[in-house]
Structure formats: structure tokens, C-alpha cells
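First comes the structure, then the notes that go with it.
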Amino acid sequence: QSEPLSETKGLILSTTRSETTSVVSESSGLVAETDTYIILADDMTFIKGKGASYSDGVVTVCKGGTYRFRGELKNGRIVVNLKDDNDEVKLKFYGVNVSSSTGAPVSVIKAPGKVVIYSADRMVNHFADTEERIYTYDENAGDSAVIFSKEDIVFDGGGLLRISADFNKGILCEKDE
């Protein structure tokens, strides 16, 4: 079992077979226990908290809340699709690398409340699609950009957000209000 680090910046999850523990702090102090923590990995993605699931390379966020991401998906996606939830969704990235050959690495399909994409201070976050991608546009999947949204989105944070758009657009928001 890991010992908590009192002066940790960013997101650290240590895992064992029996438990997942978290140690998180930001410049404003410790974060809420209600946040959901996600470590992205091709072989096994870990999720601690509620409102998100993982299947076949896709992390799906289905409830409002704050989601903290770290790790890498070489061929995966993050999809926000809230069913009956008008709450705000915050996607906070702590040095992630997500690429996809099947659709947008980040898709906001349905999120009636505000959606915030946050790059943590001093972190580099990279999202990319691939040139080899087969174009099979699916309106429900939102695959016409690296970061695609049918809803309004806000970008925030002091970190770097790198977009590599080899197939189509970099960032596309279809909502025009």
C-alpha cells in the first residue's frame, strides 16, 4: 500500500490488486473526494469513482462531475454522453496522450450543462487522430475533429493542449449559440 505524499502536484494513483488509492493536490489545495480519477492505459484503464466506464478503448462519461485523467491510449477515445443530466462536466487532463484511428479522441455528444476541458498547470496533453483513419462519419460518434463537440465547450488551465489533426479538423464545436 502506498503512503500519501503531502506535497504532490497533479494526479497520482497507485494500484494494487486489492485497492486503488489516490493522492491529489493542486495549487488550490486538495480536491474533492467526489471527483472521478481515470488512468488511461491500452491494456487496462483504471477508474476510481462514479459516472464513467471503460470498454474496448473508449472511456464514456455519462454523469456530470469532475473527471481527472492521466495516462495514454494509443488507439482510444473519451466520449461525454450524458443521458438525463444537466450538470457541468469537467475533463481535467494531467499529462495525457490519446490518439484514435476510429473517431475523435475527445467527443462531447450530449452534455446540456457546461463542458470544461482543463489542462493542468505545467502539464502537456496531446490528442491526435491518424491519417490512416477510415472515414465513416457517424453523427452520434462525432468523428469529424480531434476534439469534437455538439455542445458548447470551454478550455481552461495553465497547461499545454497539443492537437495533431492528420485526418480532419483540430477542434470543432457544432453548437452555434
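Using square roots of five times the C-alpha gyration tensor eigenvalues, list the equivalent-ellipsoid semi-axes of region 50-98 in whole Å, biggest first.
Value: 19, 13, 7 Å, ordered largest first.
Assuming R0 = 30 Å, what is the FRET efficiency of LYS114 and ASP43, from their Cβ-Cβ distance, to the nearest 0.05?
Calculated value: 0.35.
Report the full-extension gain for the segment LYS169 to LYS50: residue separation times 0.36 nm, less the Cα-Cα distance, to one decimal in nm.
Roughly 39.7 nm would be gained on extension.
If I model a spin label at ASP152 and GLU88 as a point 7 Å from the Cα along the Cα→Cβ vector, what separation in nanometres do I get?
1.3
In nm, to one decimal, how far is the THR34 label point from the ASN81 one, both placed 7 Å along Cα→Cβ?
2.6
Bear in mind that the values in this text are calculations on the coordinates, not laboratory data. Being a predicted model, the structure only gives us computed values, none of them experimental. All Cβ positions, glycine included, derive from the backbone under ideal geometry; neighbour counts span all protein chains shown.
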